[in-house]
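The values are calculated or read from the model by the stated rules, or taken from the named source; none is laboratory data. Keep in mind that this is a model prediction, so the values were computed, not measured. Accessible surface is based on the protein model in full, side chains and every heavy atom, while ligands, DNA and RNA are left aside. Shrake-Rupley method; radii C 1.70, N 1.55, O 1.52, S 1.80 Å.
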Amino acid sequence: MTLPNETLESCITPTRKLVQPCRLNLHNLNNQLVANFVISGAMECNLLSHLEVLDEEGTSGTWKKNVDNASTKTSHSREKKSRKKTVYPDSFTTGQPQDPQEVGAVDALRQALIAGNLLPEILDDYHMMLRYLKARNFNIESAKNMWIDMLQWRKDFGANNILEDYKFSELDEVLQYFLQGYHGIDKDGRPVYIEILGQADPKKLMRVTTIERYVKYYVQEYERTLAIRLPACSIAAGRRVASSTTIIDVQGVGLRNLTKPVIELIRRLQQINSNYPDTLCQMFIVNAGSGFKMLWNMVQSFLEPKAKSKIHVLGTKFKSTLLEVIDASELPEFLGGSCNCAEKGGCLRSDKGPWKDLHITKSSMEWA
């Protein structure tokens, strides 16, 4: 959906005190999540800490006390608050009311980060900070520590410049052996990521790329979603879109798929996901046969209720469920929709979405 200029301008209002962006995530746990349930949960016992990142809503409890304490501790740095900030394409508000308690929590975390010289302008983003607070139950100190780990990871990995500096030239070959990609939006305007995990061929995949290069591509796609896809979806929807919908086709997936290279790739991707918390809205796992259901039964007891509520494991009769969430025109034919993107070589090679609309992307970049 595209909007005329005047509508776009009325949707987006820059803020003065706190940057109120529309951060999303990117690649939403996608590639590794299905097998990650097994590796992280059943085999490594790290699933709960990983799924803590999944929660999109913070839980109630002592978070207000944590906020109040942090606000007191960082009051000496208030004079730094007025420093100039960089507003990135997804760092805008669409006029939606903000929760006063969340605003207070973000302000407290922001002051703590500024006081510790831990807030680069490129990351001075309201909703990004809110994600870390939700991932840590609104505990300011815990969210700050998680943030510090993220800063170190971004420095070591080179994430800040990966969109411009990294070229994944083997993508076309990779898609032959691991079909995946973004395609369209759901009925709430979120980008939809689709992965055909059951048809992946890890051996052939590793002949055309390496784990190291694929991991860099994975991070690059996260960054692309945060910087381009989510802002475009927000403009198209006229409100902030900060999470995505994922569909994973697991036909034929079972324990036999967990080869050594697959486990190593999962481990590497799991380490990355903790740096992009709170980005998944819902996941549909389709064509789940007996092999996958055995894996699911092994790990679902590890899931917290909120995380589990986002994941819907479906058998072969999934089409009506997907169509309740995604319009047929936005859903590939092989998943029950009406789209085939024949002119693009297939839906998962098209990268179809509002982010491909030059009118929308230009509008989002004008706010940078």
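Counting only heavy atoms of protein chains, what accessible area per residue, in Å², does the stretch 205-327 have with a probe of 1.4 Å? Provide the component values of the computation, followed by the final result.
On the way: 4830 Å² over 123 residues.
Each residue of the stretch 205-327 exposes 39 Å² on average to a 1.4 Å probe.
Rounded to the nearest whole Hz, the Karplus-based 3J(HN,Hα) values (6.51 cos²θ - 1.76 cosθ + 1.60, θ = phi - 60°) of the stretch 194-208 follow the sequence 10, 9, 9, 5, x, 9, 5, 10, x, 5, 5, 4, 6, 7, 9, with x at glycine and proline. Ligands, DNA and RNA left out, the 1.4 Å accessible surface of the stretch 86-235 is 46% carbon and sulfur atoms.
When the surface is traced with a 1.4 Å probe over the full set of protein chains, Val241 keeps roughly 0 Å² accessible.
For the stretch 105-144, the per residue solvent-accessible surface stands at 25 Å², with DNA, RNA and ligands left out and a 1.4 Å probe.
Taking 28 Å as the cut-off for C-alpha to C-alpha distance, list the pairs among Lys310/Lys362; Lys144/Lys216; Lys308/Lys362; Lys216/Lys319; Lys187/Lys306 that go past it. Correct reply: Lys310/Lys362; Lys308/Lys362; Lys216/Lys319. Working note: Cα atoms of the stretch 96-166, range along each principal axis, descending, whole Å: 39, 27, 20. By a 1.4 Å probe calculation restricted to protein chains, Ser350 has an accessible surface near 10 Å², given to the nearest 10.
Put Thr316, Thr209 in order of accessible area, highest first, and with a 1.4 Å probe you get Thr316, Thr209.
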